[in-house]
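Notes follow the structure.
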Protein chains: 4
Amino acid sequence: MTDIKIKVGVLGATGTVGQRFILQLSSHPVFELAALGASSSSAGKSYYEAVSGRWKQMHPIPSQVRNMPVHECVPGAFSECGVVFSGLDSGPAGPVEAAFREANLRVFSNAKNYRRDPLCPLIVPLVNPSHFDILPHQRASLSLDRGFIVTNANCSTTGVIVPLKALEDAFGPLDIVMVQTMQAISGAGYPGVSSLDMLDNIVPYISGEEEKIEWETRKILGGLKQNNTAFDLHESSPMRISAQCNRVPVVDGHLSCVSVSFKKQPAPSPEQVAEALRSYTCEAQKLGCHSAPAQAITVHHELDRPQPRLDREWQNGAGVNVGRIRACPVLDVKFVTLVNNVMLGAATSSVLNAEIAHKKGFLS
Amino acid sequence: MTDIKIKVGVLGATGTVGQRFILQLSSHPVFELAALGASSSSAGKSYYEAVSGRWKQMHPIPSQVRNMPVHECVPGAFSECGVVFSGLDSGPAGPVEAAFREANLRVFSNAKNYRRDPLCPLIVPLVNPSHFDILPHQRASLSLDRGFIVTNANCSTTGVIVPLKALEDAFGPLDIVMVQTMQAISGAGYPGVSSLDMLDNIVPYISGEEEKIEWETRKILGGLKQNNTAFDLHESSPMRISAQCNRVPVVDGHLSCVSVSFKKQPAPSPEQVAEALRSYTCEAQKLGCHSAPAQAITVHHELDRPQPRLDREWQNGAGVNVGRIRACPVLDVKFVTLVNNVMLGAATSSVLNAEIAHKKGFLS
Amino acid sequence: MTDIKIKVGVLGATGTVGQRFILQLSSHPVFELAALGASSSSAGKSYYEAVSGRWKQMHPIPSQVRNMPVHECVPGAFSECGVVFSGLDSGPAGPVEAAFREANLRVFSNAKNYRRDPLCPLIVPLVNPSHFDILPHQRASLSLDRGFIVTNANCSTTGVIVPLKALEDAFGPLDIVMVQTMQAISGAGYPGVSSLDMLDNIVPYISGEEEKIEWETRKILGGLKQNNTAFDLHESSPMRISAQCNRVPVVDGHLSCVSVSFKKQPAPSPEQVAEALRSYTCEAQKLGCHSAPAQAITVHHELDRPQPRLDREWQNGAGVNVGRIRACPVLDVKFVTLVNNVMLGAATSSVLNAEIAHKKGFLS
Amino acid sequence: MTDIKIKVGVLGATGTVGQRFILQLSSHPVFELAALGASSSSAGKSYYEAVSGRWKQMHPIPSQVRNMPVHECVPGAFSECGVVFSGLDSGPAGPVEAAFREANLRVFSNAKNYRRDPLCPLIVPLVNPSHFDILPHQRASLSLDRGFIVTNANCSTTGVIVPLKALEDAFGPLDIVMVQTMQAISGAGYPGVSSLDMLDNIVPYISGEEEKIEWETRKILGGLKQNNTAFDLHESSPMRISAQCNRVPVVDGHLSCVSVSFKKQPAPSPEQVAEALRSYTCEAQKLGCHSAPAQAITVHHELDRPQPRLDREWQNGAGVNVGRIRACPVLDVKFVTLVNNVMLGAATSSVLNAEIAHKKGFLS
């Protein structure tokens, strides 16, 4: 790390994820906020004006950001940026991110558009930074020397996959994963879910969410193949995954009930599972990344934890909380997992991915 | 049915379940509220005085009940009652219900104490009224000519087991059932769950609840054996059941995500499952019981239903709502089910059980 | 009342207020649902199709309404209707309601557009049906022999003004009224308020609401003048009114804290105020209107009542609940009042106004 | 300030307020947690054991506190403490705090017991630290050379009185204050309010709360008299105060609607009021106290602010937020004010009072 910070930009800066990027980047030791992009209706305004009435964070707009100009999301305004973070909605994200990459800019995107792209890594920073190794192939395929797109996972996938990775590392491939989520409203953006749907109520459906968990899990837990030019999608050890997703009246924090079985039998005991989760460490920690959690997975022993409101801020929202680890009468082990969907489940993943990329030399 | 109503009593009349009994029985065509019982601190007061500050229903105390005297829960005060409904807490329920039965009174209990008793039927009225046939054996074993105890199921079990019964009737024995519940706060009584645990939060644990679902399901779906003197607990076709239970910020209505597989393969399609649920009818309907729902299982086709606040009052809370029926990538079929935990999940079950018993001649 | 029901139409039938009209009118002894109107995107569809995904009531769509055709909001499709109820948004309400009146149709509107019109009565059915007497002047001014527009009040005004009317009837003109409201989310329609604004939060502002309370109160509590051709707006006894309005996380039911002082001193005691409220009866009751509450104002004596969830359904939501009547250290008396904003505060007011008009001969 | 920290104790350490004390004192530059007291059922345990199942903070128990021993609340165990903070319930607070003072210990109490005591100051740290000047008289009256009791205000009073103080400083005595509160559930402790009373509901009553606001305001805004031996209770300029208090489904943050009138007319304009609030500075700021907010009163200009969830963490919860400043049609000016009831409304007030006492020499 040099003394000179890397200039970074934020696309979709006035949206819910964009606001989180701004809070995280406003006092970052490596990155320096240099350019903000939003829709054409915001372009030309100061950030304060553009976000007026939509800033929904518990901290004020950072003072140095209030008067930064907002640009349209075109590469020219971001040419000095060593990294561009995208909090764009899936509508504009596809063409905009492609244009930025084409302009040789490095995009770390929270949008879903390129997650299934065979050239783009889908990286949960606590799980699979090894997938950065496909970037040379991405660049070569597109005849770029610097630009790339790196995506991070859907917020509900992220909370489940960190403990799954720890279990595969410790006990070999998983055979079956059953997941039921209870997802916070902040995952739907603003205005997002109507209060009439969320007071004294649950909505047992989130469009596309179950498919994301079932698909993304395989890409993330799988490896690279063909000399780092393709994803193996866990194909060497097929895994059956079933997800049921619900929207619940919680502000932040996705809680999921998970049951798993292992290929290798006899399966580990709940105590062995707890120990494997507790002792799991990830590359982001070893590299000393600024936003990495001190403890990747916090294992709770109180019977009624983790709980969204009480545990989502632990580790500054960058870790995962697991509890109620016990035997499953049907599969091997069941447990509950909590992720802060607006932190590790969104902006923190993008920022941490960029920190890892920096440490590994992909930003130079 | 004669013109003369059957006098009935309510034990635990000032509690949450007792209040529901009172609302349901205050204008019932067959039963007539004749005696109320509560703890000794309430005994001697009028009902209005005894329940002061604790009446939490959306309708006022029925006018004819306001000034009824509250008795201690001793059989003598209930000697005229043809039926006694128990909404007692599990603490007093054990000895009190036994004493009432010993005094030759017929007890329909919502408490958990005798659910696992080898003499007492555990009856979900939409599922297994055939279990009333063990009553002659219960009476004989205890040398009683009239008294008995009939229990109904835990509220979370009830919502899941009605569709399970419909599936077994249509497609033969189930092999695996996986359930994750999202349970309303009213299931915990009053004051029950602290608001600090339920605003912007979920508690992923309810003491004893998972074991109840896993155990009760087998007794209810199983049959009688040994000439109606014992329960077979589904032993002829072992079923694996795994439950995860959560408390969520919803007032009334337990929502559960269920995945099932069948013994017989190939399994029915989601469309066949939907049709089997929709066309399921139960004995309570055929007998013309007053509180029976017109439709036992309402199948919803909108992608985001059933929802607790919108659907819990359908069928006056006496039916079950099922939606999102679809293939499960791991088991055969998955779906979502909703039960009104304070109606069919509690008082309505006891009342409907008594109506069925009346129609079948067990009250004469 | 004859045996033949009066055919009625509903404008804005797919909206939140329109859905309430449909529930109330689907089994009405005097009115018969005959025509439904909505935006051009809904026109031509069956009601079931048009409202798909937006029906947010706790009861299913009435079976006889499911397949009724939805028309555009043009008078021709409603020519057989003796009454047209309008649940239109304020955008279309202005020109549409005028066109219907111009076509000699009788419009009972829940919209705000004509509340301040010097020809249109603003009638809270429990308060000022005497204002119907301006209708001959409205018709004459517009050269119509049948058509008119009658409005009802804003939902928050309605809950406050019923007790104010009872107090003026008993103790003469009020001098000062101070109101602070805590208003339910259903008052904002669907999708209305974002859940991110309403979970663990209050929004201390509702656009235009304070002005409505402050202005409408004078028109409603005032009389007619100049031979029933104008409203006196309470001008003979000026009243000072100050309102502060808040949106709170409650589904239905607007609760308000009110302090008042009287012109005439010494002021009545809290006990006298309670008695005046309890004994208040209104013309709708005397006329025997179907939707009139048995008790116009229910006075609660428990210290912590009325509460929205517990008391909003009393009297089928057609009455007002008042509690905590006590001396005010600054003004004379203070109390709390609750109105069911979607019932008496909206659709019930329109329907009850039409019932009164029918009884008084304004529909013939 | 010396390099050696002052040892401090916490009474009621396992309760809701006690937990907040522990979080604030675990990394304090002047105070060092040295002794913890709780009920006899907790005494003898480690803090971690004693608070098990009741720790409801969003941060873990500070590591250095987990294994601290919990003592009974007797002075002997706290003899080394230069300051003792009391988060005791009002039941034990009376005799325990008296015994600690009698043992020459300095008690800063959040309990209500001694707020109305003629010897004890009631200090809101942003308002009236001048009341410390009664301490010599308190000590002399009780023949103590070190011990005293200092109280801080009720949480709802605190949020209202900071802007009132700023207004009296700028524009002279207030004549009338009308307050309606919407108070968070955390103000009632744990388990406190039942979730059945707080989901989809408001409780328009908090026992004793209105009287506290009406009484405490006069003591705090008043001065000392008779050579610093008595409180004048604002008697030179009588003020009329009326409060209505409501419990609402918000976790933290008391929001209040306030209307005021001034003795001196013409009254200041809303703009002048806004400027006076914005520019208000307090002695705690001037003394450079660690926990003092940078901005005592944050004035919001967005129409819909302050909101509890968005603004309660500003200034680390140590300041007050005011918005919607506008003319009142009845009194002079009305506005909305928000206080973080668990921070400035409770533990932060006690800690900041002790910091002020330290700076002013009352701890030496």
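The values are calculated or read from the model by the stated rules, or taken from the named source; none is laboratory data. These numbers come from a predicted model, not from an experiment. A quick note on method: Cβ atoms are made from the backbone with ideal geometry, for glycine too, and the neighbour counts reach across all protein chains shown. Surface areas here come from the heavy atoms of the whole protein model, side chains and all, with no ligands, DNA or RNA. Shrake-Rupley method; radii C 1.70, N 1.55, O 1.52, S 1.80 Å.
Observations
- Here is how far apart the residue B:286 label points are across copies: 5.9, 6.7, 8.8 nm, shortest first, using a point 7 Å from Cα toward Cβ.
- 10 Å Cβ neighbours from other chains, averaged over peptide B:171-184: 3
- Structural descriptor for the stretch D:122-274: relative contact order 36 percent, calculated from alpha carbon pairs under 8 angstrom and at least 6 residues apart.
- For residue C:33, residues with placed amide H under 5 Å, excluding near neighbours: C:8
- In the stretch B:166-265, trypsin sites (Lys or Arg not before Pro) in a DSSP loop with at most 16 other beta-carbon atoms within 10 Å: B:263, B:264
- The shape of the stretch B:125-173 comes out prolate: with a ≥ b ≥ c from the C-alpha gyration tensor, a/c is at least 1.5 and a/b beats b/c.
- Furthest towards positive pole of dipole, D:191, D:362, D:108, structure part chain D, Cβ charges: D:362
- Lys, Arg +1 and Asp, Glu -1 on Cβ, resulting dipole of chain D about Cα centre, debye, nearest 20: 240
- The angle between the Cα long axis of helix B:16-25 and the longest principal axis of the Cα atoms of chain B comes to about 80 degrees, rounded to the nearest 10.
- Take every pair of alpha-carbon atoms less than 8 Å apart whose residues are at least six positions apart; their mean separation over the length of chain D yields a relative contact order of 17 percent.
- Highest-fluctuation residue, C:124, C:248, C:342 considered, GNM on chain C with Cα pairs under 10 Å: C:248
- Minimum Cβ-to-axis distance in chain D for the rotation onto chain C, with residue, whole Å: D:180, 2
- Dimensions of chain D based on its C-alpha atoms, expressed as ranges along the principal axes with the largest first, amount to 60, 52, 36 Å.
- Residue of B:159, B:82, B:288 that the Gaussian network model of chain B assigns the largest fluctuation, springs spanning Cα pairs under 10 Å: B:288
- Between the Cα long axis of helix B:155-171 and the first principal axis of chain B there is an angle of about 50°, rounded to the nearest 10.
- Solvent exposure ordering (accessible area, 1.4 Å, most first) of B:311, A:145: A:145, B:311
- Across the stretch B:43-50, coupling constants 3J(HN,Hα) worked out from phi with the 6.51/-1.76/1.60 Karplus curve, θ = phi - 60°, read 4, x, 8, 6, 4, 4, 5, 5 Hz, and Gly and Pro carry x.
- Averaged over peptide C:249-258, the number of partner chain Cβ atoms lying within 10 Å of each residue's Cβ comes to 6.
- Computed over protein heavy atoms with a 1.4 Å probe, the carbon and sulfur contribution to the accessible area of the stretch B:66-166 reaches 49%.
- GNM result for chain B, Cα springs below 10 Å: residue of B:64, B:180, B:244 fluctuating most strongly: B:64
- Cα-based Kirkwood hydrodynamic radius, the stretch B:253-364, one decimal, Å: 15.0
- With label points defined 7 Å past Cα in the direction of Cβ, position residue D:211 shows copy-to-copy spacings of 4.3, 4.7, 6.4 nm, given to one decimal and shortest first.
- Simple Cβ-charge dipole of the stretch A:157-253, Lys/Arg +1 and Asp/Glu -1, about Cα centre, in debye nearest 20: 180
- Average accessible surface for chain D: 33 Å² per residue, computed with a 1.4 Å probe over protein heavy atoms with every protein chain in place.
- Student exercise, the protein assembly as shown dipole from Lys, Arg, Asp, Glu Cβ charges, in Debye to nearest 20: 0
- Cα gyration tensor shape for the stretch D:194-243, rounded if a/c is under 1.5, else prolate or oblate: prolate
- Tensor-based shape of the stretch D:89-174 (alpha-carbon gyration tensor, a/c under 1.5 rounded, otherwise prolate or oblate): oblate
- The residue list D:231, D:254, D:280 was ranked by how far each Cα lies along the charge dipole of the stretch D:214-296 toward its positive end, using unit charges on Cβ atoms, and D:231 comes out on top.
- Scattering curve values for the protein assembly as shown, log₁₀ I(q)/I(0), Debye with Cα scatterers, q = 0.07 Å⁻¹: -0.87
- Relative contact order of the stretch D:1-160, taken over Cα pairs closer than 8 Å and 6 or more residues apart, is 21 percent.
- Interface between chains C and D: roughly 3900 Å² of accessible area buried, both sides summed (probe 1.4 Å, protein heavy atoms only).
- Helix C:348-359 and the longest principal axis of the C-alpha atoms of chain C enclose an angle of approximately 80°.
- Within 10 Å of the Cβ of each residue in A:314-323, the mean number of Cβ atoms contributed by other protein chains is 1.
- Candidate lysines for bridging to residue B:359, where Cα separation is under 19 Å - those fewer than 8 sequence places away on the same chain excluded: B:5, B:7, B:286
- Computed over the alpha-carbon pairs of the stretch A:243-294, the distance histogram in 10 Å steps reads 17, 28, 38, 17 percent, short to long.
- With helices as the sole contributors, the protein assembly as shown gives -7500 deg cm²/dmol at 222 nm; each DSSP H run of n ≥ 4 counts as -39500 (n - 2.57), and the sum is divided by every residue.
- For residue A:226, inter-copy separations between label points set 7 Å beyond Cα along the Cβ vector come to 6.6, 8.6, 9.3 nm, shortest first.
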